[in-house]
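Shown next, in structure tokens, is the structure this report addresses.
The values are calculated or read from the model by the stated rules, or taken from the named source; none is laboratory data. Just so we're clear, the structure is a prediction, and the values are computed from it rather than from any experiment. Reconstructed Cβ throughout: ideal geometry from the backbone, glycine too, with neighbour counts over all protein chains shown. The area values use the complete protein model at the heavy-atom level, side chains included, leaving out ligands, DNA and RNA. Shrake-Rupley method; radii C 1.70, N 1.55, O 1.52, S 1.80 Å.
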Amino acid sequence: MSIKNLIEQRVRAAMSAANIPDDCPANIALSTRPEFGNFQANGAMAAAKRLKSRPRDLAAEIIKHLDLTDIADHVEIAGPGFINIHLSNQFIATQLQKLIGDEKLGVPVPNQQRVVVDYSGPNLAKEMHVGHLRSTIIGDAVVRTLEFLGHDVVRQNHMGDWGTQFGMLIAELEEHLGEGERPELALGDLEIFYQQAKQHFDQDEKFAQKARQYVVKLQSGDHHCRQLWQRFIDTSITHSEAIYLNLNVTLKHSDIKAESAYNEELAGIIESLEQQRLLVEDQGAKVVFLEELADKEGKPSPVIVQKSDGGFLYATTDLAALRHRSMTLQADRILYFIDARQSLHMKQVFTLAKKAGFVNTEIALEHLPFGTMMGKDGKPFKTRTGGTVKLTELLQEGIERACTLVREKNPELGIDEVAAIGRKVGIGAIKYADLSKTRTNDYIFDWDSMLSFEGNTAPYLQYAYTRIRSIFRRADINFDCSTGNIILTTQQEKDLALKLLQFGTTLEQLALDGYPHILCNYLYELASSFMTFYEHCPILRQDVVEDTRSSRLAISQLTARVMAKGLNLLGIEVMEQM
Ligand code: ARG
């Protein structure tokens, strides 16, 4: 149990003993200032309002029944009726000692759920671009955290591999292959290939006609078209997978369940909606009108599920995917990491899937939206000439910039070391800059701030980690074998210890609402806490007695373990030196 929950339990018990109704919460929070102790119980004020008594009197009554002798060495009333709790050094030391022996670093065992996570989902018609970067790295951080907590996670990469564009693309590919070109060569640059096909389509009516025919043929399973399409898709997937590898993202080939995989289900979805009398014909198209999502004037929200030419839509596929995830994959919870601009779409498919019984009634369906990545000019991130920025090139630039920095900082490193460290720093910086911003906001992509060694950045945290490792190297102590007895004497040791004990709660929070910046802030505070500790509490100095030294080494080692684990959950690598 977390310290917060433990205190909560005790305070609530004291409240009951003081005849305060069960539904008045203890309201435990971390203290806002050191002089207010470590935790505050703020429930007395609201309870006093209910009972029409004086809050300070009620707080005194609670304290009379409150037994925290094994936890705190001092409890007091402050202000209008706050109860300040000062934890005892002994208690914190004991808790920390337990953490050292715990492989899961204090993370509580959850009620295990099967969580399906939909993330990345690039469109295969084009090269993966910055628009899919956020979904990919935020989703991956949450997935890693859920798994570490002990949930049963199923990744689903809902790639866009279906739809009208593919008629045009396979018609173009057919011509290239007809001229004897190999598919890998023709599709070496998907961006250029797409432009060529589009130009062809716009300028050559015969080609356009063939492209339109190919869409229909593809959807009805024509062998030739299917084969061309498969070649195209395979190459495009290879491009995405190279990026996943470079980005240190855990998505595997087997996590792909692309739009085309639901093709056979779509007619059945329409049939089911028809049988349930949810469908209306509107100008030849099949539409569901959702009263649940009516606008201010009371006009219901229309969801088109089949076009007048018989074609299915993005929404139809998402309904089939929801049914698969609930009924076949047996999800308790489904998370979607998709751009905020698709909020209405997500609301519509969630509402409709529930209404039509495509998902179990108890399932939790959550769209976790994110804002747009902006350039320094405050406009959506583009190349200087206004084109889309290719992800491969962006990552390469990050790595190169990081290598330059690493070389400047540590000229003694060999070429290979610089390359290995630069990769971790460059990729880490790009990911951390994104993950450390509140997910739902837009954010500005800026090389200089993300690669800075000061402030809330990946290089700062990676560097803090290497500093701890270097203490062990200098003392010639095996990092993995340092297990001292914890003794807390100074304020800095106590602060650092308390921070370390918050790791579990931080991860629980992240798993609950999918905001990775919570973990980033935590790690930044942890690193800062460590730096303060390191300044004030000598470890290897001659005059430090053996017990103190081994305690401080153990605290340092634990800090490094928590930092490495936290960064690992964000998909960021650490190194022994930089
Ligand atoms: N391919 C889509 C896009 O680029 C994202 C897919 C998200 N997942 C989903 N189930 N709709 O917009």
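Observations
- Cα-centre dipole for the chain with unit charges at Cβ (Lys and Arg positive, Asp and Glu negative), debye to 20: 1200
- Cα gyration tensor, region 23-136 - rounded (a/c under 1.5), prolate or oblate: prolate
- As a fraction of the 1.4 Å probe accessible area of region 257-407, surface on carbon and sulfur atoms comes out at 49 percent.
- Listed pairs Lys286/Lys355; Lys104/Lys257; Lys252/Lys424; Lys126/Lys379 exceeding 25 Å between Cα atoms: Lys104/Lys257
- Farthest toward positive dipole pole in the chain [+1 Lys/Arg, -1 Asp/Glu at C-beta], among Ile539, Leu413, Ser436: Ile539
- Within-15-Å neighbourhood charge of Gly514 [Cβ basis; K, R +1; D, E -1]: -2
- Principal-axis tilt of helix 517-536 within the chain, Cα atoms, nearest 10 degrees: 40
- Region 158-215-region 40-60 distance, computed between alpha-carbon centres (Å): 71
- Along the chain, the longest continuous region that contains none of the GluC sites (Glu not before Pro) in a DSSP loop with at most 16 other C-beta atoms within 10 Å is 455-575.
- For region 277-342 and region 480-496, distance of Cα centres in Å: 55
- Measuring nothing but alpha carbons in region 323-476 and taking Rh as the Kirkwood radius, the Rg to Rh ratio lands at 1.13.
- 11 Å beta-carbon shell around Ala321, net charge (K/R +1, D/E -1): -1
- Gyration tensor (alpha-carbon) shape descriptor, the chain, a/c threshold 1.5: oblate
- Among Tyr522, Tyr314, the sequence by solvent-accessible area, most first, with a 1.4 Å probe is Tyr314, Tyr522.
- Percent accessible area from carbon and sulfur atoms, region 436-578, protein chains only, probe 1.4 Å: 45
- Structural descriptor for the chain: relative contact order 14 percent, calculated from alpha carbon pairs under 8 angstrom and at least 6 residues apart.
- Three-way shape call for region 84-206 based on the alpha-carbon gyration tensor, with the a/c threshold at 1.5: prolate
- Remark: relative contact order (region 346-432) = 20 percent; criterion is Cα-Cα distance under 8 angstrom and separation of 6 or more residues.
- Over all other residues within a Cβ to Cβ distance under 11 Å of Ile62, the charged ones net out to +2, with Lys and Arg as +1 and Asp and Glu as -1.
- Column: log10 I(q)/I(0), Debye, Cα scatterers of region 229-332, q = 0.10, 0.11, 0.13, 0.20 Å⁻¹: -0.43, -0.50, -0.66, -1.07
- In the chain, the longest principal axis of the Cα atoms and the axis of helix 190-203 are about 30 degrees apart.
- Between helix 314-323 and the chain: long-axis angle, C-alpha atoms, 0 to 90°, nearest 10: 60
- Heavy-atom surface of the chain, accessible at 1.4 Å and reported per residue (Å²): 46
- Assigned charges on the beta-carbon of Lys, Arg, Asp, Glu; region 47-93 dipole about Cα centre (debye): 460
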